[in-house]
Amino acid sequence: MAKIDIIRNTYGGLEYLHNALDYVTDYRALYIGGYGVNPYDTEMAYKQMLYTRQYFNKVSGNPLVHIVIAYNNEVKDLATAAYYGQRCAQYFADRFQVLYCNHMRDEHCCQFHTHIIINALSFINGNMITTGYDEMHAYCNYVTAVTGQKSWFYFDNKAVYNGV
């Protein structure tokens, strides 16, 4: 079973966006990719997302959606995890800038998991991403189709910004 953690309430504005990009691409990242951004240069990816927001004059508000997909233990190799990560990130790529990467197991997760950072503002029309129950249920079904693993999601509000 794949567990999908959707972090929508990200406080700290654009600084949080910068920190999230740095976090997911740090030394733990095993495979990195992106759509509409340079995934190998987080400063460039940040600037590309910021330019989109500036173009539509929407630089305040929630800058991103952070999705973490933890695959079950049947995913034992990086090639499979990377493929799933790329396909799961691709779901948003026709409307949003996306950076994704795979990490290996940590103490709270299974063998591999994928982080997906999505610019919350569409590069097509400047609309904000919608991440309600219906939208995330459809995404969960997509992840199930891609991975062959029954998937479930929950909204996680752990990304509390403390200004440090």
The one condition Tyr83 fails out of (1) in contact with a helix residue (DSSP H, G or I) (Cβ under 7 Å, 6 or more places away or on another chain); (2) modelled with pLDDT of 95 or more is (1)
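Which residue, of Tyr100, Tyr91, is touching a strand residue (DSSP E or B) at 6+ places or on another chain (Cβ under 6 Å) and closer than 20 Å to Gln149 by Cα?
None of the other options fit; the residue is Tyr100.
The values are calculated or read from the model by the stated rules, or taken from the named source; none is laboratory data. Quick caveat, the model's predicted, so the values are computed rather than measured. Using ideal geometry, Cβ is built from the backbone for each residue, glycine included, and neighbour counts are taken over all protein chains shown.
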